[in-house]
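All of the numbers you see were taken from the coordinates with simple rules; none came from a lab. Here the structure is a predicted model, which is why all the values come from computation and not from measurement. All Cβ positions, even for glycine, are placed from backbone atoms using ideal geometry, and neighbour counts span all protein chains on display.
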Amino acid sequence: MTITRAHIRQKLGELPRFRLSHLNTPLEPLDRLRQTLIDEGVSVPNRMLVKRDDTTGLAFGGNKGRHFEFEIANILEGGYDTVININHYHSNQARFIAAGCAKAGLKYHIVSLDMVTAPLTGNLLLCKLMGAEIHRTPAEYGREVAEKIFAQVTAQGGKPYILPDDPFVEIMGTIGFLETGLELEQQLETAEVEGAVRFWGLTGRSIAGLRFYAKNRGLDWRATAVQYSPGNVEDFLEVTASRTGQVAEMFDLEIGLDETDLTVLEDYRGPAYGVPDDRTIEAILMVGKAEGLILDPNYTGKSMSGLIGELRAGRIDPDETICFIHSGGLPQLFAHVDRFVD
Ligand SMILES: Cc1ncc(COP(=O)(O)O)c(C=O)c1O
């Protein structure tokens, strides 16, 4: 039996929510990118689309605008007044929590790991503009710094919350992307897309949420997740199965994901997290020129380099419609200016 849209909508509606995003985000064609590839002699599917989750609005937008609507509400329900986060210099998540905390009137500390002398730009700069207190430290001291802040806030009578310690953080992105599933099903119907659709994104909660939606709705939606940093594929698939299993229980859905549900590509992640390879830079320039669409070097540029690479290699079924998930991440482009200077 297929789960109805009304059921998913109702379950989403039962969760506490703090609005951060302009939804729905648009679904647009990538016709000029498609034509550029055809001009190269590449065989491409009839339709290539992009889901513009970079346009969620707040703080330059991105997929995490969806995820953190549920998390900020969860924090407020818990009666906390201060959020302590630990994440990397390049973190988009750090920016969204800064935005959510500012909007909700919560104090925010970001313990920013590694790259401690790198310029204050991109996401970290935006965190500062949104009132965050920034603590830059090598990764090995991150936990210690966070605990010190926790103790100080508690001593001053505050109620602090260490974000990475909350298991809800693990699943809220998948929950947020169940709603993206509802949007996309409607948008694909309106666009009269028929046959199989392949969603193209990055290893994480978002693409998993879409595939999970499709599996429960009985839709022929396939999903490719491009890695953006070193990581074991089996571990990702295992974590994804566990997260979707938890959400299936919460939402009274029939099935979570298993290891066969997502295709994971390891070949486009570049030398390290936050370090793009030449194919990523080429993909960013190509999409910018063809579509006026901006991608970033840490996430969506890597995902797009995977799509272009797999199309060029003839490894994509031409009968599928491609739907590229633009998950945002744009501010960090400015931390990579040197890669674009001739
Ligand atoms: C811009 C962007 N896209 C995609 C991802 C992949 O992970 P998720 O889907 O869990 O957000 C991230 C993770 O930080 C991200 O910042």
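Charges were assigned to the Cβ only: +1 to each Lys and Arg, -1 to each Asp and Glu. The resulting dipole of the stretch 153-311 about its Cα centre is roughly 420 debye.
Taking every Cα-Cα distance in the chain and sorting them into 20 Å bins starting at zero, the pair-distance distribution P(r) comes out as 31, 59, 10, 0 percent. When restricted to Cα atoms, the stretch 168-213 yields an Rg and a Dmax of 11.4, 36 Å, respectively. In plain terms, the residue of SER43, SER21, SER206, SER305 with the fewest other Cβ atoms within 10 Å comes first and the most crowded comes last, giving SER43, SER21, SER206, SER305.
Any idea what the relative contact order of the stretch 64-165 is, in percent, if you count C-alpha pairs under 8 Å spaced at least 6 apart? Across the stretch 64-165, relative contact order equals 34 percent. Take the Cα of GLU170, go 7 Å toward its beta carbon, and the backbone nitrogen atoms of the stretch 243-266 under 20 Å from that spot belong to 243-262. For the chain, the 222 nm mean residue ellipticity estimated from helices alone, with every DSSP H stretch of n ≥ 4 adding -39500 (n - 2.57) and the total spread over all residues, rounds to -14000 deg cm²/dmol. Of GLY173, GLY157, GLY328, the residue with the greatest mean-square motion in the GNM of the chain, using alpha carbon springs below 10 Å, is GLY157. Computed on the chain, with alpha-carbon pairs under 8 angstrom and 6+ residues apart, the relative contact order is 22 percent. Summarising the amide proton neighbourhood of ARG136: residues at separation of 5 or more, or on other chains, whose placed amide H is nearer than 5 Å comprise SER112.
Taking LEU106, LEU120, LEU178 in turn, the Gaussian network model of the chain (Cα-Cα springs below 10 Å) assigns the largest fluctuation to LEU120. Taking a 23 Å limit on the Cα-Cα distance, which of the listed pairs LYS51/LYS128; LYS103/LYS159; LYS11/LYS64 fall beyond it? Beyond 23 Å: LYS51/LYS128.
Two-decimal Rg/Rh of the stretch 154-240 from alpha-carbon positions, Kirkwood Rh?
Details: Rg = 16.8 Å, Rh = 14.9 Å.
My calculation puts Rg/Rh at 1.13.
Shown in residue order for the stretch 105-112 are the 3J(HN,Hα) couplings computed by the Karplus curve 6.51 cos²θ - 1.76 cosθ + 1.60 at θ = phi - 60°: x, 9, 7, 9, 10, 10, 8, 9 Hz (x for Gly and Pro).
Only Lys, Arg, Asp and Glu carry charge here, each on its Cβ (+1 for the first two, -1 for the last two); on that basis the stretch 140-237 has a dipole of about 120 debye about its Cα centre. So if I take the centroid of the Cα atoms in the stretch 131-153 and the same for the stretch 189-258, what is the distance between those two points in Å? Taking the Cα centre of each part, the stretch 131-153 and the stretch 189-258 sit 34 Å apart. Looking only at VAL42, VAL264, VAL83, which one moves most when the chain is put into a Gaussian network model with springs between Cα atoms under 10 Å? Highest fluctuation of the listed residues: VAL42.
Can you give the Kirkwood hydrodynamic radius of the stretch 40-149 from its Cα pairs, in Å with one decimal?
Numbers: mean 1/r = 0.0655 Å⁻¹.
Taking every pair of different Cα atoms in the stretch 40-149, averaging 1/r and inverting gives 15.3 Å.
All Cα-Cα separations within the stretch 229-310 were binned at 5 Å from zero, giving a P(r) of 3, 15, 19, 15, 14, 13, 11, 8, 2, each value a whole percent of the pairs.
Translational diffusion coefficient, Stokes-Einstein: compute it for the stretch 5-84 using the Kirkwood radius over C-alpha pairs as Rh, at 37 °C and 0.692 mPa s, and state it as an integer in µm² s⁻¹. Answer from the Stokes-Einstein relation: 211 µm²/s.
Kirkwood radius, the stretch 112-262, all distinct C-alpha pairs, inverse of mean reciprocal distance: 18.2 Å. For the chain, the Cβ-based charge dipole about the Cα centre amounts to some 960 debye (Lys, Arg positive; Asp, Glu negative; other atoms uncharged).
Note down the net charge around PRO160, summing +1 for each Lys or Arg and -1 for each Asp or Glu among other residues with Cβ under 13 Å from its Cβ.
Values: positive: LYS107, LYS148, LYS159; negative: ASP81, GLU133, GLU147, ASP165, ASP166.
Within the 13 Å Cβ shell, the charges total -2.
For the stretch 236-342, the relative contact order works out to 21 percent when only alpha carbon pairs closer than 8 Å and six or more residues apart are counted.
In this label model, SER242 and LEU12 are separated by 2.7 nm, measuring between points 7 Å along each Cα→Cβ vector.
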